[in-house]
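Quick notes on the structure that follows.
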């Protein structure tokens, strides 16, 4: 074969190869074109799925604030899946906390609080002023440990490191497998709560109410501060399954927990909380009955004593300095805003044009004594926590107006009922502030 034939053969082979490559390229393009509808369908599906998920999440979040407790509870349960998803976790936790700061039924409180068990982390979470009664915090690791045993489940804990539980009510709860190292429980109410396999290294329990709290043998509390805590001799720490000792036995002279402290070296300071009682000088039989009933509830609170000024003891002159001198020796104030005057028909600003918003008609309304406003203002000027017990249908203006009371952390209002008890949430919040006021001003 001469050179010319070789060239022809090579060109022929190249032509066939080029044709084959062209066919493969064409087939590849056709394949990609065929894939485009599938890819578009997948993208559209995911967009629709995300949109539907967002919509469902917003619906559940809104339902938490429904007037129906059943709808609220259902929404709370459905949000369990969202608290562990990165996109929704932070907002879900904050929504739960915000709701737990409001006055909601205890059963709903528990349903919402229990959801924290499903979180991946609660590290640094703001839990200030939340209300948790009878809640169960039990992560999956605790369930696995109880079912299967094994150290790896025991070592795994839900992080609450550096969480802020300032003035939180965490009462009669069961809390398992959490790491709350360096968390703040300042002035929190943890009475009656059981802690199992929890870490509290260097946590701050200063001024907390710990009566009846129990820490099992797997809890670690080294470095936790219990200075000025209330109920130390009736809080318990297990050193083994058979041996339980009072918490105070483990505290050094500064109120810091030391695991191997065996002698009582910490001496609690005087824990007598004095409450100033502001009331009407003259009360009818029904009012006196209500007054005595509530007073017995306040008196039953641990380490409290009462102070009041009887009508005959008010001085003729210098009444305000006399009230101030009593308040100076007290840690809190309870005001009985009972009916002082009943107005059948009257008006406010009678000489102002009737269509002006300042001109108001008063028809069959109860008014409170101006002295109660004065004493409330004097106590509030000292940043003293005040509990206002008011009559149903009372005209609440001045110091007792919701616009004054609600934004103020030191003012608490409670409508009188015959069923008021010491474990009322508002009373517990008020007493928590009383503890703090006492230790801030008496020590």
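Using every pair of alpha-carbon atoms in segment 273-442, split the distances into 5 Å bins beginning at 0 and state the percent of pairs per bin, rounded to integers.
1, 8, 17, 20, 20, 15, 9, 5, 3, 1, 0
Quote the FRET efficiency, to the nearest 0.05, computed for residue 259 versus residue 162 with a Förster distance R0 of 22 Å and r equal to the Cβ-Cβ distance.
Efficiency for this residue pair is about 0.50.
Is any residue of segment 193-214 close enough, with backbone N under 14 Å, to a label point placed 7 angstrom from the Cα of residue 233 along the Cα-Cβ axis, and if so, which?
211-212
Within segment 183-199, list the residues whose amide N lies under 17 Å from a label point set 7 Å along Cα→Cβ of residue 244.
Within reach of a label on residue 244: 190-198.
For the chain, compute the orientation-averaged projected area of the C-alpha convex hull (one quarter of its surface), in nm².
About 41.0 nm², averaged over all directions.
Treat each spin label as a single point 7 Å out from the Cα along the C-beta direction, and report the residue 406 to residue 374 distance in nm.
3.0
With a/c under 1.5 counting as rounded, go ahead and sort segment 121-250 into rounded, prolate or oblate using the C-alpha gyration tensor (a ≥ b ≥ c being the square roots of the eigenvalues; past the cut-off, prolate if a/b is larger than b/c, else oblate).
Verdict is oblate for segment 121-250.
Give me 99, 108 sorted ascending by neighbouring Cβ count inside 10 Å, so fewest comes first.
Result, fewest neighbours first: 108, 99.
Run the numbers for residue 78 and residue 201: contour at 0.36 nm per residue of separation, minus the present Cα-Cα distance, in nm.
Values: separation 123, 0.36 × 123 = 44.28 nm, distance 3.39 nm.
Contour length minus Cα-Cα distance gives 40.9 nm.
Counting helices only, and only those DSSP H runs with n ≥ 4, report the 222 nm mean residue ellipticity of the chain as the sum of -39,500 (n - 2.57) divided by its residues, in deg cm²/dmol to the nearest 500. The partial results should precede the final answer.
Details: 11 runs with 169 residues, N = 443.
It lands at -12500 deg cm²/dmol.
Take each of the peptides 215-221, 157-163, 237-243, average the number of other beta-carbon atoms within 10 Å over its residues, and list them starting from the highest.
With the highest mean Cβ count within 10 Å placed first, the list reads 157-163, 215-221, 237-243.
Residue 147 to residue 68: extension gain in nm, 0.36 nm per residue of separation minus the Cα-Cα distance?
24.8 nm
Calculate, for residue 322 and residue 421, the FRET efficiency according to 1/(1 + (r/R0)^6) with r their C-beta to C-beta distance and R0 30 Å; round to the nearest 0.05.
0.35
Every read-out reported here was derived from the displayed coordinates using simple, explicitly stated rules and does not represent laboratory data. The structure displayed is predicted, hence computed values, not measured ones. Glycine gets a Cβ as well: all are built from the backbone with ideal geometry, and neighbour counts include every protein chain shown.
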